[in-house]
Amino acid sequence: MSALLHRNYRVSESWRKRPRGASETLSLRMLDASKRGQMRRKGAYSEADLLAVARKLYNIPDLQFRVPGQRNGVLAVMGPQLAEQVVLVIGTGSGKTIVVMIGAAISSAGTTILVLLMVALRVSKQQLDRIVIDESHLTITASDYRLCMAQLGWYVRQIRTQIVWLIATLPPVMQEEFIEHNKLVKPRVIRESTNRPNIKYIVSLETGPGALIERAANLVHIYWPKQEIFDHSRDKIIIYCRTREEVAQLIDILKCPSYTSRSGTEEEKAIIISGWLESGRAGRDGSKASSIVLLHAGWKPQVNEHLSADREVMQLYLTQQYCSRGILSQFLDDQPSWRWYIAGEEACQVCREPHTEARPLDLKFELAVTRGMQFTGPDEVLRQDHIRDQVLNSYERDLEVTSGNCLYYRTLGPDPEHEETECRFPDMVMPLCYGVWKRSGGIDWLQKYFRRTFKTELEYMLWLGETASLQGNKCIQANCVAALALTELG
C-alpha cells in the first residue's frame with residue numbers, strides 16, 4: 001500500500017510539473033486575471049434619471065422602455081445595483097443599443113468602448129466607464145474559424161472596467177459554455193423572449209429537376225420586380241448558401257454582390273458588411289419580412305443519429321410537424337418564455353390558425369426517434385400527402401395568377417404576328433408548353449430539366465400527352481412542363 005501511494009504521488013507531481021501547451025497556459029492566465037480583476041465603481045443612477053436621459057437623447061418626451069429585458073439591462077449597467085459583468089440576451093429589434101447610448105450620454109459619462117466584432121476600435125483607456133461587446137455570441141459560434149474571437153474575452157478582461165455582452169441569440173443550452181469560454185465570474189444574465197412577431201417562417205419543399213440555387217435565383221427574378229412587395233430604396237434579399245461554390249454559381253446567375261471568407265482584404269470586407277448593416281436586417285425596424293428555407297421534397301430528418309442541439313432543432317424545424325415559431329422559441333428562450341403562434345403575429349405555415357391560449361409550460365416539441373425497422377405508417381402517408389398537396393396548390397395558384405393572359409405570348413416574347421389581346425388560344429397549359437418549345441433556348445431548357453431531346457415538334461407534342469406525376473399527383477407531362485415554366489414567368 002505504501003509503495004502504491006508513493007507511485008501515485010510521483011505521478012501527480014509529474015503531472016503538475018509537465019510543460020503546458022500555449023492554449024492551456026493562456027486559459028489559466030485568463031482565468032487568474034478574471035478572478036483578480038475588479039472594475040472601478042461608478043456612481044449609480046435611478047431608473048427615473050436613466051429614462052430622462054433616454055428621452056432627451058431620442059427627443060421623445062413620453063419614451064418608455066420597450067421590453068422588460070431592455071429596462072433590466074439598463075439598470076444592470078447603470079442602476080443602483082449595477083453589475084460588473086452583464087450578459088443581455090434580447091431579440092433583434094428589442095433595443096439593445098439603448099444600453100450603449102444612455103451610458104455614453106449621461107452628463108458624467110467617461111468613455112464607452114463599443115466592440116463590433118467586424119470592426120477594430122482603438123481608443124484611450126483613460127476614464128473608461130465600460131466595454132460593450134455586440135453580437136458576442138460569435139465568441140463561441142465563430143471561434144473555430146476566427147481564432148481572434150476565442151481570445152476576445154482574454155483581452156477585455158485585462159481591463160478593469162464594466163463589461164457588457166449584448167446578444168440576440170444565445171440558446172439556454174449554450175449559456176454555460178458562453179460564460180465558461182469568456183471566463184465570466186458570476187455575471188448578471190438578463191433574458192427576454194426573442195420572438196419576432198413580424199417575421200414569417202416558411203419551408204418550401206422543391207420538386208422536379210434543377211438545383212436549389214437555381215430555384216432561389218428564379219424566385220428573386222420573379223418577386224424582386226414586384227413593387228407591391230419590395231421597396232427597392234430600402235429592402236434587400238439575402239440568400240445564404242452552404243458553400244463558396246454555390247455563392248459563385250448564384251453570382252453568375254443574378255450578377256449580385258456577395259460576401260464570403262475570401263471577399264478581398266479586411267477593408268474591402270468591412271465596406272461590404274457596412275453596406276448591409278446600413279440597410280438593416282430583415283424586420284428589425286418592425287416591418288414585415290420572410291425567412292424562406294428551400295428544401296428538396298425528398299429530404300428526411302436524421303432521426304437516428306446523435307445530433308448537437310442546434311442541428312437537432314434545425315431538423316425539427318424542417319420537418320414542419322410543429323409550430324415553426326414554437327420550435328424557435330423552445331431553442332432560443334428559457335422555458336418560462338416558450339411560446340407559439342398567436343393572433344397578431346405573422347401566420348405560421350404549420351398551424352394555419354393562431355392559438356387562442358398560451359403555450360403550456362410543459363409542452364416540448366421533439367423529433368420522433370424510431371428504433372429498428374422503419375414501417376411506412378399513417379404519419380409517412382400524411383407527410384407524402386402534405387407534399388403532394390403543397391406542390392399541387394402551388395401549381396394551381398400560378399395558373400390563377402396568370403389567368404386571362406396568353407402564356408404562349410409571354411413565353412415566346414413580343415411577336416408582331418401574335419398579339420396577346422387577340423389570342424385565339426383559350427387553353428393555358430398547351431400554349432405555354434408550345435411557347436417553351438418555340439422560344440430561343442427551349443430545346444436546351446427541356447434537356448436540362450427533363451433530360452429529353454426531341455427531333456420534331458410532333459414528337460414533343462406527343463410526349464406532352466404521356467402520363468406523368470407531379471410530386472405524386474397523376475397528370476400528363478404537359479402539366480409538369482407548365483408547372484416549372486410558370487415559376488419562371490411569375
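Values computed for the structure shown
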| read-out | value |
| --- | --- |
| Qualifying GluC sites (Glu not before Pro) for region 174-203 [loop in DSSP, other Cβ within 10 Å: at most 12] | none |
| Candidate residues MET174, MET78: accessible-area rank, largest first, probe 1.4 Å | MET174, MET78 |
| Percent carbon-and-sulfur accessible area, region 144-217, ignoring ligands, DNA and RNA, probe 1.4 Å | 53 percent |
| Portion, in percent, of the accessible area of region 432-490 that falls on carbon or sulfur, probe 1.4 Å | 51 percent |
| Given charges at beta-carbon only (K, R positive; D, E negative), |dipole| of region 154-257 in Debye | 600 debye |
| With DNA, RNA and ligands ignored, accessible area of GLU459 (1.4 Å probe; Å², nearest 10) | 70 Å² |
| Accessible-area order (highest first, 1.4 angstrom probe) of the listed residues ARG157, ARG242 | ARG242, ARG157 |
| Distant-in-sequence amide H partners of VAL350 (H built 1.01 Å from N, under 5 Å) | SER324 |
| Flagged links, alpha-carbon separation over 28 Å, of LYS288/LYS474; LYS200/LYS226; LYS186/LYS269; LYS448/LYS474; LYS300/LYS448 | LYS288/LYS474; LYS186/LYS269 |
| With all protein chains modelled, accessible area of HIS221 [1.4 Å, Å²] | 100 Å² |
| Long-range Cα-Cα pairs in region 171-224 (distance over 14 Å), rounded percent | 73 percent |
| Net charge contributed by nearby residues that have their C-beta within less than 12 Å of PHE450 (K/R +1, D/E -1) | +1 |
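The values are calculated or read from the model by the stated rules, or taken from the named source; none is laboratory data. No experiment lies behind these values; they were computed from the predicted model shown. Note that we place each Cβ from the backbone using ideal geometry, even for glycine, and neighbour counts take in every protein chain shown. We work out accessible area using only protein heavy atoms, side chains counted, and drop any ligands, DNA or RNA first. Shrake-Rupley method; radii C 1.70, N 1.55, O 1.52, S 1.80 Å.
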